């Protein structure tokens, strides 16, 4: 009986964990993409101070979320985002516009990909 | 490096618990689906240990999933005969009436060398004396000799034999063994007094003391001296 209860608890925890993880990844992706869009918008309106402020917010938000994401995703994926954020910071302080645009695109893809790694899909299973 | 050590220790604990939940079967007694799950658990659990960049849950979740799958298959096998046959297979008779059933042996991919080895292990090398040899679903060979070749039992000989006593270790390495004491409802004080009366200064001098439910006692002290006696049944009872 105790074994059955234990297995049931494990089942519930596993199922609950799946839902929570999926929700957290979705939230993170959404929040980070939204901040990135704000950075992009602010940069194209040539508001340097505002851009700097939003970028800092984006980086802080990312660092906070990375503490949990590190236990959910392969560390390589997080390292890629850290590097791209540093690259973006560099480009924002005076870089090639084409490269900057590419960096925005890449970060957007990496943030979107946070949910895709573990998304329930045919491609992810097979 | 501390992370690897911690991860390894945690994975060991989880694997250990998983195996405990799976039961106490030995490797040779596992069914095919159990072997697959055991191998897989060992493999997936090792992933975070091998690669420091892989989160712990990448080993934990697959292990737990496999455990749940195991419990589910076990349940299905218990409830459905068809599923049991499908997942575990059915026993095959390899020897019948002292004759090898070669077709069955071939069908099971069993070599004659393996068969002879198993027969030697079961102590039956004379095939003509075997009534049945059954290859069980877990890979073990059950050998049933003809009644005329089987050892006689006391019942067949109409001899009265008493049932073996249940022995429990009540003192282990100078300390009381709580579960052993509880098994036979033994009183600690009575036992301690008995040991002092035997000339020992304390129970610390005793290496092992076993008691049976019929009052048989075996004692060995740390100096190598042994003592056996038959006491009254329930002598040390609380």
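Values quoted throughout were computed directly from the atomic coordinates according to the rules given, and no laboratory measurement underlies them. Quantities reported herein were computed from a predicted structural model and do not represent experimental measurements. Here the Cβ is made from the backbone with ideal geometry for all residues, glycine too, and neighbour counts use every protein chain on show.
What distance in nm separates the two pseudo spin-label positions at residue B:218 and residue A:66, each 7 Å out from Cα along the beta-carbon direction?
Output for this residue pair reads 6.4 nm.
I want to verify the translational diffusion coefficient of the stretch B:136-238 in µm²/s; compute it with Stokes-Einstein, Rh as the Kirkwood radius over Cα pairs, at 25 °C and 0.890 mPa s.
This corresponds to a translational diffusion coefficient of 151 µm²/s.
When you take every Cα atom in chain A, what is the radius of gyration, and what is Dmax, the widest Cα pair distance, in Å?
Final numbers for Rg and Dmax: 18.2, 67 Å.
Would you mind putting B:174-186, B:106-118 in packing order, based on average other-beta-carbon counts within 10 Å, highest first?
Listed from highest to lowest mean packing, they are B:174-186, B:106-118.
Could you work out the helix-only [θ] at 222 nm for chain B, with each DSSP H run of four or more residues adding -39,500 (n - 2.57) and the total divided by the number of residues, to the nearest 500 deg cm²/dmol?
My calculation for chain B gives -13500 deg cm²/dmol from helical runs alone.
Give me B:122, B:148 ranked fewest to most by other Cβ atoms within 10 Å of their Cβ, as a rough exposure proxy.
In order of increasing Cβ crowding within 10 Å: B:148, B:122.
Once you have the Kirkwood Rh of the protein assembly as shown from its Cα pairs, apply Stokes-Einstein at 4 °C and 1.567 mPa s and quote D in µm²/s.
Approximately 46 µm²/s, per Stokes-Einstein.
Could you give the radius of gyration (one decimal) and Dmax (whole number) of the Cα atoms in the stretch B:2-86, in Å?
In Å, with Rg to one decimal and Dmax whole: 14.4, 49.
Between residue B:85 and residue B:161, what's the calculated FRET efficiency when r is the beta-carbon distance and R0 is 35 Å? Round to 0.05.
Result of the calculation: an efficiency of 0.30.
Roughly how tilted is helix A:48-69, in degrees to the nearest 10 and between 0 and 90, from the longest Cα axis of chain A?
With both axes taken from Cα atoms, the answer is about 20 degrees.
Please report the Cα spread of the stretch B:92-145 along all three principal axes, rounded to whole Å, starting with the longest.
24, 19, 18
Counting only other chains, and only Cβ atoms inside 10 Å, what mean value do you get across the residues of B:53-59?
4
Compute the acute angle (0 to 90°) between the alpha-carbon long axis of helix A:97-116 and the principal axis of greatest extent of the alpha-carbon atoms of chain A; round to the nearest 10°.
Taking Cα atoms only, the helix is inclined about 10 degrees.
Given a Förster radius of 22 Å and the C-beta distance between residue B:40 and residue A:1 as r, what FRET efficiency does 1/(1 + (r/R0)^6) yield to the nearest 0.05?
Efficiency, rounded to the nearest 0.05: 0.20.
Note down the relative contact order for chain B as a percent, whole number, built from C-alpha pairs under 8 angstrom at least six residues apart.
Across chain B, relative contact order equals 12 percent.
Inside 10 Å of the C-beta atoms of A:49-58, what's the mean count of C-beta atoms belonging to other chains?
Per-residue shielding by partner chains comes out at 0.
If each DSSP helix of 4+ residues adds -39,500 (n - 2.57) and the sum is divided by the residues in chain A, what number results at 222 nm, nearest 500 deg cm²/dmol?
Per the formula, -29500 deg cm²/dmol.
Taking only the alpha carbons of the stretch A:45-119, what extent do you get along each of the three principal axes, in Å, biggest first?
Principal extents (largest minus smallest coordinate, Cα): 37, 23, 17 Å.
What relative contact order, as a whole-number percentage, does the stretch B:67-161 give when Cα pairs under 8 Å and 6 or more residues apart are counted?
Result for the stretch B:67-161 is 25 percent.
Normalising by the residue count of the stretch B:1-139, find the relative contact order in percent from Cα pairs under 8 Å and 6+ residues apart.
Across the stretch B:1-139, relative contact order equals 25 percent.
Taking only Cα atoms of the stretch B:37-160, what ratio of Rg to Rh do you get with Rh as the Kirkwood inverse-distance radius?
1.19
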